[in-house]
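Each reported figure results from applying straightforward, stated rules to the coordinates on display, with no laboratory input. Please read these numbers as outputs of a predicted model, since none were measured by experiment. Backbone-built Cβ (ideal geometry, glycine too); neighbour counts: all protein chains shown.
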Amino acid sequence: AVSLPEDGAIVLDLLAMASDADGDPLTLTTGTPQHGRLTPTGDGRYAYRPAADYHGDDFFAIRASDGATSVDGLVRLTVTAVNDPPLARDHVSELDEDGWLALDLPALGFDADGDPLTLAFTSQPAHGTLSRDAQGRLVYTPAADW
């Protein structure tokens, strides 16, 4: 099996995986992988790229022929998972003067892998404060009369 990381790509020399006892030149035909794309590179090799964010096993069939006989095979690829970074969403809110606003963390972003998220403040707003309430929500309290 050939291994590559999620969202990666690999170039395969499929002809190097086959031989002919008589030394006849070989031609290859390939099937279609279920979870990715296989593209000829123009130099007899093939580039495989898995579907976005896919990880797991993928397969495609190959047939090597010398013009008189042929043999079928299966190429197995193992696409290993990577830790995808969390995604943050822009969020715009309005509130009344001297009011406050509470936001749930899922409203601000999510993790594609389902990992738990933590939120850290790198700075406070110029005209108010950020804190957490008892439910774990992010609370913005503006400065007085802001």
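Can you give the net charge of the other residues whose Cβ lies under 14 Å from the Cβ of Tyr48, counting K and R as +1 and D and E as -1? Spelling it out: positives minus negatives among the neighbours equals -1. By the scheme Lys and Arg +1, Asp and Glu -1, what is the net charge of all other residues having a beta-carbon under 15 Å from that of Asp7? That works out to -3. The H on the amide N of Ile62, modeled in the peptide plane, is under 5 Å from the matching H of Gly31, Gly73, Leu74, Val75, each at least 5 residues off or on a different chain. Here segment 107-125 and segment 61-75 have alpha carbon centers that stand 51 Å from each other. The C-alpha atoms of the chain occupy a region whose extents along the principal axes are 89, 27, 21 Å, arranged from largest to smallest. Would any residue of segment 104-141 have its amide N under 14 Å from a label point 7 Å out along Cα→Cβ of Arg89? List them or say none. It comes to 104-112, nothing else.
Each stretch of four or more DSSP H residues adds -39500 (n - 2.57); spread over every residue of the chain, this sum gives -500 deg cm²/dmol at 222 nm.
Computed from backbone phi with θ = phi - 60° and the Karplus coefficients 6.51, -1.76 and 1.60, the 3J(HN,Hα) list for segment 54-70 is 6, 9, x, 8, 9, 9, 8, 8, 10, 10, 9, 9, 9, x, 10, 10, 9 Hz; x is used for glycine and proline.
Quick one: net charge around Ala102, please, counting Lys, Arg +1 and Asp, Glu -1 for every other residue with C-beta under 13 Å from its C-beta. Walk me through the numbers before you get to the answer.
Details: positive: Arg132, Arg137; negative: Asp104, Asp133.
So the environment of Ala102 carries a net charge of 0.
Backbone geometry of segment 100-111 corresponds, through the Karplus equation with coefficients 6.51, -1.76 and 1.60 at θ = phi - 60°, to 3J(HN,Hα) couplings of 8, 9, 10, 10, 6, 4, x, 6, 9, x, 7, 10 Hz, x marking Gly and Pro.
Using Cα springs under 10 Å in a Gaussian network model of the chain, which residue among Thr129, Thr32, Thr78 shows the largest mean-square fluctuation? Ranking Thr129, Thr32, Thr78 by mean-square fluctuation puts Thr129 first. Shown for segment 87-142 is the translational diffusion coefficient from the Stokes-Einstein equation, using the Kirkwood radius over Cα pairs, a temperature of 20 °C and a viscosity of 1.002 mPa s: 172 µm²/s.
Sequentially through segment 4-13, phi angles give Karplus couplings (6.51, -1.76, 1.60; θ = phi - 60°) of 8, x, 3, 6, x, 8, 9, 9, 10, 9 Hz, Gly and Pro residues having no value and appearing as x.
I need the peptides 108-117, 6-15 ranked by packing, meaning the mean over residues of other C-beta atoms within 10 angstrom, with the highest value on top.
Details: 108-117: 11.9, 6-15: 15.0.
Descending mean neighbour count gives 6-15, 108-117.
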